[in-house]
Each structure stands twice: as structure tokens, then as C-alpha cells.
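The values are calculated or read from the model by the stated rules, or taken from the named source; none is laboratory data. Bear in mind the structure is a predicted one, so any value in this text is a computation, not a measurement. For neighbour counting, all protein chains shown are included, and Cβ atoms are generated from backbone atoms with ideal geometry for every residue, glycine included.
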Amino acid sequence: MDFLNLAFWTFVASTAGIYAIFALGLYVQFSMAGLPNFGHVAFMAIGAYTMAILVVRYSVSLPVASMAGIAAAIVLALILGIPSLRLRADYLAIATVAGGEIVRYLAMNLPDLTGGPIGSIGLLGPGQIALYNGGWQRSLDELTTALSAVIGAAANRDLTMALMVWSIVLVLIVLFRRLERSPWGRVLKGIREDEMAVTAVGKNVFAFKLQALMLGAVLGAAAGLLLALQIGVFSPDDYQPTLTFYAYLILILGGMNRLWAIPVGAVVFSLLYAGTRFLNFFPLSLIDSGSRAFLRLFLVGFLLVLFMAVRPQGMLGNRRELLLEK
Amino acid sequence: MTPLLLEVDGVSKHFGGVAAVDDASFGVTEGVITALIGPNGAGKTTMFNLISGFMRPDCGTIRFAGRRIDGARGDVVARAGLVRAFQTARVLTRMSVLENMLLAAKDQPGERLGMNLIAPRRVARRESEVHARALELLDLVRLRHLADDYAGTLSGGQRKLLELGRALMVAPRMILLDEPMAGVAPVLAQQLLDHIQQLRQRHGATVCVIEHDMDVVMSISDRVIVMDEGRVIAEGPPDAIQRDERVIEAYLGRQGHADESQRGRPA
Ligand SMILES: Nc1ncnc2c1ncn2[C@@H]1O[C@H](COP(=O)(O)OP(=O)(O)O)[C@@H](O)[C@H]1O
Ligand SMILES: [Mg+2]
């Protein structure tokens, strides 16, 4: 593929925006409230699966099915959070790691409900191809027609998607910037620093933590819905634990405690991730493509380590804040 | 007799085999400064943890303003008007001094997520009240010039002052201070003492303070409660406590004649 392929980069732009929404969910939980969620991908998966199952098997309309997907993620957050959030932070970490894997294994092993290992395509059982995003494609086409009235022939489905995703990102960032500076955000920040001190001044720490977990789950599910709709098909393998760590990488790249750093981190991550696929020039072209894929992952990891060594506070982070002890 | 603001009745707390608090009973009258004293390990901090809802007593009852608070969560006790400070100050290091104060404010509708979106004006109005109050209290604890610094940059003594100020933001009816002078420079300690006395005079607050320095105890407190090995062994006005045989034994027995006291005490 050509390095200057516009369609490819438009697609990367949408994905970067979706990753930004996904990472924003983690930001609310981890950066704002100090909740270590190592199974964020589960919210993505449960959102996408709930939506697709309802659309394909029960002919529920896409908007309603999407709402149900988000509701399912909230329920999962409650299941993971209620037993563990009263305990030390490590318990949530364990619960979420397990929760993420359980969701993926269930998706894999309940073929009658989920389509099993082949994923959404198998939702109607063998011999039939199941599609859930017909309604989405139609809406996207309508929007594209509207867009072409403005920008002419350059309009296409991918561009519409990218613009839409990034508009959502922008609105969310503005909204969460407000929430972060609100008294609600201040309590979360206090909990991140020392929950006993926050309890001592009369705040119900458990309730705030649960809210943060739920809100993060909503964003995770929203990202899961967008990704599933963009790509049009998914399988349990798309919800590997690595996805959660990509979200952490995005937060780290941008600078842990900066909201504006999330889109920046998401773009940099996506550029690194997508860009390294063009490492096919001499002498790298001598290596076969399978090993090159590994090389690529190795390179992403190496660049990240290098980055952390040079700039531990991230691109937009505050070094002084990083150095203060808890 | 004035009714008691705080009533502790037959409270015990065991850690494994150790009875950290052992059938302790005492009362605190409103508007009074009470000192809780006793040798190290006597169970004073544990007593505070039990009263403030940070630990649940094994048995016994605790009433605050007539209401049972034993076993209630810490935040519920604080909202009822009984606020504690910690032996090692717990400030929120990566938040500014001012933010530490603002966080503690009561009745802020903006602590409800949705209120920030549907009633931002109400939130902002309360926020400006809270802000003014926070600056006032920072003046009182002499930290106003540091309002925008990270709390993590404060010295140990300043952290104790900040924690006191933060506790006052809750507008408590009663405040529990665990060794507020420990680790505080003498000049600051004197200021702290003044604040504690002002608290009662100006704000009518009830204060219960754990303190080791007997001179301090004698000078600021109206009443003294003495604990030893988990039990309340004496309670009364400072001068009477100073002459109390059991108190002298508990203190001097440990410090002066360690081996004698060991023999005299059941293991
Ligand atoms: N969380 C705890 N777990 C186990 N033992 C404790 C705990 N807290 C206090 N203790 C024990 O209870 C006793 C009383 O401690 P404490 O209340 O801190 O005494 P003081 O504040 O009077 O010095 C000590 O023997 C201490 O070791
Ligand atoms: Mg103590």
C-alpha cells in the first residue's frame, strides 16, 4: 500500500478518534479517580456484543440497541465495582483483569448467543452471514450526501465518519474539562490522592468511585460501538487485553493527568501503530512480512520506552506534579 | 448538668489478642476542650478511629448529639458534625492548598455529577461562598500565602495546619485532633494552640485533642481523660488529674521505673 494513501489515513484518523474516546473512559477512572482498571476492553466488548445481538437476532433498531449496549456496560461496571471498590485498589485491578477475560471467554464459548470464535458474522448460526450495521451505513451515506453539498467531491463515507468521531471527541473533551474542574471532579481527585482524607471530610468515597467507574464504562462502550460500526464485523479476538494497555499508552504518551493530552496521545499512538506498517523499505524489505509484523510491535514498544525515558511526564504533562510524593 | 455532646459507653476494640481499647466509657460536654492523654500505645488513636467511624467497635455504644454513631461510616460521622484530623497529617499532595480546603466544603450541589450540567449557576454561587470561607480559614491557619502551592510542598507542621483548616471547612460541631503539635516547629505549635482556643471562643466548637506535652495539656484543656492499656483510668479537671495517683503511676511507672511497673502489671 502506498504511504500517501488518503483513504487509509482517513480510516486511521477515525480509529484514533475512537481510541481517544476509549482512553477518555480510562482517564475518568484512572487519572481522575485513581481506579486501576485493567479490563477496560470488556466495556468495549460488552457494548458491541449487546448492540449486535439485539440488532441481528431481535431486530431492535440501532439507536435502541446502542443504548442497550451502553446500559450493559454500566451493569458490568456495577458487577465489578460493588464488591471491590470498598476494598483496597488492588482488588479492583484484579476484578477488572478477570472481568475483561471472562467477557472475552464467554463471547468465545457461547456460540449460540455470540457467534462464537468467528464473531459477529456467525450471529445467525452457520451458513448465514449476519450484519448489524446496515442502518449505520445508510445514515452515514445520508450524512455524506449532506457533506458533499459543502465540500464537493472530496466527501466520502470514511471522511464523514472521521469528522463525526472527532466532533464527538471535541464535545467530550470540553464536557469533561468542565466536569474535571467541577466540585465533583475535585472529590475524585481527592480520592485519587488519599481516600481516607476525603472520607474524613464527609464524602461518600464508595459512591464517587462507583460513579467514575460507571462513567468510564459508558465511554468504553461508546468507543466499542463506534469501532464495531466502523469496521462492520468483530470477533472475540478483537477484544484482547492489549487494547486496554493501548489506552494506558495513550494516557502515558499524552501526559497522565492532562485532558487535552488524550487526543494528542491517541493520534501519536495511531501514527506509530499504523505508520510502522510502512517500514517495508530496504533493508527491512529483506525480512519476510510475518517477522516484519513482530518487528513493528517491537519498534512501537521500543519507541515508547525511549519516550518514557526522555519525557516521563508525557508530551503535555507537568513534571513537577509527577515528582511530588503521594 | 449540660447534656453530653459525645458519649462513649463500654467500648472495646481488639486486634488479635491485643485489647487496644478495653471497656472505655467517657463523655464530652459541648463547648469544652478535652485532652485525651496516656502513654504510647494506650489506645488513644484507636479511640479516635472508633469515634470517627474509621473503625467499628467490637462492643459498646457511641452517641453524638444523642444519635448512635458506633459502626456508622466515617463520612456519615463527619457529615453529622464530628470531624477528625489524623496523627500523621493526610493532605492531598498533588492538589493545591486551596483545593484541599475547597474539597472539604459541605452542601456543594456540584458534587452531584449532573448538577454541573443542569444547574451550573447554583454550583458557581456555592463555589464562591466556599472560596471566600476557605481564604478566611487559610488566613486563620496562616497558610494563605501558600494557597496556590501544591500541598505536597508543605512542611510537616504546615500540613498539620492545613488539615486543621480543612477540618474547619466542614463547619464541625466537634473536632478530634490527634497530636496536632507533634512534629510542628515551636512557633507554629504556639499558633496552633492559639487556634484551638480561638475555635472554642469564637466558634463555640467542641475540641478533643490527644496531646503528650503535659504543660500544653494543663494550659489549654478544661477536662482531661487519661487512658492506659486501653482503659480510661481517670477523668477530671487538669489540676485534679495532675495529682491523681493512678495517672502518676501510669506515666512515671513507665518512664521512671520501667522494670518496677513491669513487675506490678499482669502480662
Ligand atoms: N490497625 C491496627 N492493627 C493492629 N494493632 C493496632 C492497630 N492500631 C493500633 N493497634 C495497637 O493497639 C494499641 C493501641 O494503639 P494506639 O491506639 O495507636 O495507641 P496511642 O495512640 O495511644 O499511642 C497498640 O498496641 C497498637 O499496636
Ligand atoms: Mg496515637
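Out of B:ARG243, B:ARG223, B:ARG200, I need the residue that is more than 16 Å from ligand 2 (Cβ to nearest atom), away from chain A (no Cβ under 14 Å) and touching a Ser or Thr at 6+ places or on another chain (Cβ under 6 Å). Which one?
None of the others qualify; the one that does is B:ARG223.
Residue-wise test of (1) of a type in the set (Gly, Ala, Ser); (2) within 14 Å of another protein chain (Cβ to nearest Cβ); (3) within 26 Å of A:PHE298 (Cα to Cα); (4) touching a strand residue (DSSP E or B) at 6+ places or on another chain (Cβ under 8 Å).
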residue	(1), (2), (3), (4)
A:TRP184	no, yes, no, no
A:LEU210	no, yes, no, no
A:GLN230	no, no, no, no
A:TYR239	no, no, yes, no
A:GLY254	yes, no, yes, no
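Being more than 6 Å from ligand 1 (Cβ to nearest atom) and over 15 Å from the mean Cα position of the chain (by Cα) is the filter here; which residues of the stretch B:35-63 pass it? I'd like the intermediate steps shown before the answer.
Filtering the stretch B:35-63 for residues more than 6 Å from ligand 1 (Cβ to nearest atom) gives B:35-37, B:39, B:47-63.
Residues satisfying the conditions are B:PRO39, B:ARG56, B:PRO57, B:ASP58, B:CYS59, B:GLY60, B:THR61, B:ILE62, B:ARG63.
List the helices (runs of 4 or more DSSP H) that sit entirely inside the stretch A:57-148 and contain at least 3 residues that are out of contact with any Leu (no Cβ under 7 Å at 6 or more places or on another chain) and surrounded by 14 or more Cβ atoms within 10 Å (Cβ to Cβ). Can you show your working first?
On the way: elements: A:62-84, A:89-109, A:111-114.
Once the helices (runs of 4 or more DSSP H) in the stretch A:57-148 are filtered for at least 3 residues that are out of contact with any Leu (no Cβ under 7 Å at 6 or more places or on another chain) and surrounded by 14 or more Cβ atoms within 10 Å (Cβ to Cβ), what remains is A:62-84, A:89-109.
Checking B:GLU235 against (1) modelled with pLDDT of 80 or more; (2) loosely packed, with under 14 Cβ neighbours inside 10 Å; (3) within 24 Å of B:VAL11 (Cβ to Cβ), which test does it fail?
Every listed condition holds for B:GLU235 apart from (2).
Can you tell me which of (1) at pLDDT 85 or above; (2) of a type outside the set (Gly, Ala, Ser); (3) more than 20 Å from A:SER61 (Cβ to Cβ) is the one A:ARG157 doesn't meet?
For A:ARG157, the failing item is (1).
Tell me, which residue of the stretch B:151-192 that is part of a loop (DSSP other than H, G, I, E, B) and among the β-branched types (Val, Ile, Thr) is nearest to B:ILE37 (Cα to Cα)?
In this case the residue turns out to be B:VAL184.
Going by the structure shown, is A:GLY202 crowded, with 21+ Cβ neighbours inside 10 Å and either among the aromatic types (Phe, Trp, Tyr) or part of a helix (DSSP H, G or I) (or both)?
no
Looking at the structure I just gave you, is A:LEU6 more than 16 Å from A:LEU229 (Cβ to Cβ) and crowded, with 22+ Cβ neighbours inside 10 Å? Working first, answer last.
Working: more than 16 Å from A:LEU229 (Cβ to Cβ): yes; crowded, with 22+ Cβ neighbours inside 10 Å: no.
When the stated conditions are applied, A:LEU6 does not pass them.
Might you let me know whether the stretch A:148-162 holds any residue that is out of contact with any strand residue (DSSP E or B) (no Cβ under 6 Å at 6 or more places or on another chain) and on the phi > 0 side of the Ramachandran plot?
Taking the stretch A:148-162 as the starting set, the residues that turn out to be out of contact with any strand residue (DSSP E or B) (no Cβ under 6 Å at 6 or more places or on another chain) are A:148-162.
Next cut, on the phi > 0 side of the Ramachandran plot only: A:152.
Yes, the stretch A:148-162 has at least one match.
Those residues that are out of contact with any helix residue (DSSP H, G or I) (no Cβ under 8 Å at 6 or more places or on another chain), within 16 Å of ligand 2 (Cβ to nearest atom) and not hydrophobic (A, V, I, L, M, F, W, C), I need them from the stretch B:48-88; list them, please.
Across the stretch B:48-88, the qualifying residues are B:ASN49, B:THR88.
For B:ALA105, only one of the following conditions fails: (1) within 16 Å of ligand 2 (Cβ to nearest atom); (2) part of a loop (DSSP other than H, G, I, E, B); (3) among the hydrophobic types (A, V, I, L, M, F, W, C). What is its number?
Failing condition for B:ALA105: (1).
Looking only at residues in the stretch B:5-18 that are more than 19 Å from the chain's Cα centre (by Cα) and within 16 Å of ligand 2 (Cβ to nearest atom), which one is farthest from the other protein chains (Cβ to nearest Cβ)?
So, considering only residues that are more than 19 Å from the chain's Cα centre (by Cα) and within 16 Å of ligand 2 (Cβ to nearest atom), the one farthest from the other protein chains (Cβ to nearest Cβ) is B:VAL18.
Among the numbered criteria (1) under 16 Å from B:LEU5 (Cα atoms); (2) within 14 Å of ligand 2 (Cβ to nearest atom); (3) within 12 Å of chain A (Cβ to nearest Cβ), which single criterion is violated by B:ALA35?
Of everything listed in (1) under 16 Å from B:LEU5 (Cα atoms); (2) within 14 Å of ligand 2 (Cβ to nearest atom); (3) within 12 Å of chain A (Cβ to nearest Cβ), B:ALA35 misses just condition (3).
If I ask for residues that are over 21 Å from B:ALA205 (Cα atoms) and within 16 Å of ligand 1 (Cβ to nearest atom), which ones from the stretch B:177-193 would you list?
Once the filter is applied, which keeps residues that are over 21 Å from B:ALA205 (Cα atoms) and within 16 Å of ligand 1 (Cβ to nearest atom), the stretch B:177-193 yields B:ALA182, B:GLY183.
Condition check: buried (at least 17 other Cβ atoms within 10 Å of the Cβ), more than 14 Å from chain A (Cβ to nearest Cβ) and within 16 Å of ligand 1 (Cβ to nearest atom). Does B:ALA85 satisfy that?
It is false that B:ALA85 is buried (at least 17 other Cβ atoms within 10 Å of the Cβ), more than 14 Å from chain A (Cβ to nearest Cβ) and within 16 Å of ligand 1 (Cβ to nearest atom).
Please identify the pairs in which a residue from the stretch B:165-185 that is over 15 Å from B:ASP75 (Cα atoms) and in contact (Cβ under 8 Å) with a residue 12 or more places away in the chain has its Cβ atom under 7 Å from the Cβ atom of a residue that is within 16 Å of ligand 2 (Cβ to nearest atom) and basic (Lys, Arg), counting only partners at least 6 apart or on another chain.
Here the result reads B:PRO180/B:LYS160; B:VAL184/B:LYS160, each pair linking the stretch B:165-185 to a residue that is within 16 Å of ligand 2 (Cβ to nearest atom) and basic (Lys, Arg).
Please give the number of the condition A:TRP166 fails out of (1) at pLDDT 95 or above; (2) at the interface with chain B (Cβ under 9 Å from one of its Cβ atoms).
Just one mismatch for A:TRP166, condition (2).
It is to be established whether one or more residues within the stretch B:67-82 are part of a strand (DSSP E or B) and buried (at least 19 other Cβ atoms within 10 Å of the Cβ). Break it down into steps so the answer makes sense when it comes.
Just the residues of the stretch B:67-82 that are part of a strand (DSSP E or B), to begin with: B:67-68, B:82.
From the residues that got through so far, the ones that are buried (at least 19 other Cβ atoms within 10 Å of the Cβ) too are B:82.
Scanning the stretch B:67-82, I find at least one residue that is part of a strand (DSSP E or B) and buried (at least 19 other Cβ atoms within 10 Å of the Cβ), so the answer is yes.
Of the residues B:ASP148, B:ASP139, only one is more than 11 Å from chain A (Cβ to nearest Cβ), in a loop (DSSP other than H, G, I, E, B) and surrounded by fewer than 17 Cβ atoms within 10 Å (Cβ to Cβ); which? Break it down into steps so the answer makes sense when it comes.
Values: B:ASP139 fails: in a loop (DSSP other than H, G, I, E, B).
Checking each option against the conditions leaves just B:ASP148.
Can you name the number of the only condition in (1) within 10 Å of chain A (Cβ to nearest Cβ); (2) within 17 Å of B:ILE51 (Cβ to Cβ) that B:MET115 fails?
Here B:MET115 meets the rest and fails (2).
Would you call B:VAL209 assigned to a helix (DSSP H, G or I), more than 14 Å from chain A (Cβ to nearest Cβ) and within 16 Å of ligand 1 (Cβ to nearest atom)? Outline the logic, then answer.
Details: assigned to a helix (DSSP H, G or I): no; more than 14 Å from chain A (Cβ to nearest Cβ): yes; within 16 Å of ligand 1 (Cβ to nearest atom): yes.
No, not satisfied.
Given the options B:ASN49, B:ASN100, name the one that is within 13 Å of chain A (Cβ to nearest Cβ) and either farther than 30 Å from B:LEU4 by Cα or surrounded by fewer than 22 Cβ atoms within 10 Å (Cβ to Cβ) (or both). Please lay out each step first, then the result.
Details: B:ASN49 fails: either farther than 30 Å from B:LEU4 by Cα or surrounded by fewer than 22 Cβ atoms within 10 Å (Cβ to Cβ) (or both).
That would be B:ASN100, the only listed residue that is within 13 Å of chain A (Cβ to nearest Cβ) and either farther than 30 Å from B:LEU4 by Cα or surrounded by fewer than 22 Cβ atoms within 10 Å (Cβ to Cβ) (or both).
Would you mind finding the one in A:VAL97, A:VAL28, A:VAL64 that is closer than 30 Å to A:GLN137 by Cβ and of a type outside the set (Gly, Ala, Ser)?
On the way: A:VAL97 fails: closer than 30 Å to A:GLN137 by Cβ; A:VAL28 fails: closer than 30 Å to A:GLN137 by Cβ.
Residue meeting the stated conditions: A:VAL64.
In this structure, is B:LEU92 without any contact (Cβ under 8 Å) to a residue 24 or more places away in the chain, in a loop (DSSP other than H, G, I, E, B) and at the interface with chain A (Cβ under 9 Å from one of its Cβ atoms)? It would help to see each step written out before you state the result.
Numbers: without any contact (Cβ under 8 Å) to a residue 24 or more places away in the chain: no; in a loop (DSSP other than H, G, I, E, B): yes; at the interface with chain A (Cβ under 9 Å from one of its Cβ atoms): yes.
When the stated conditions are applied, B:LEU92 does not pass them.
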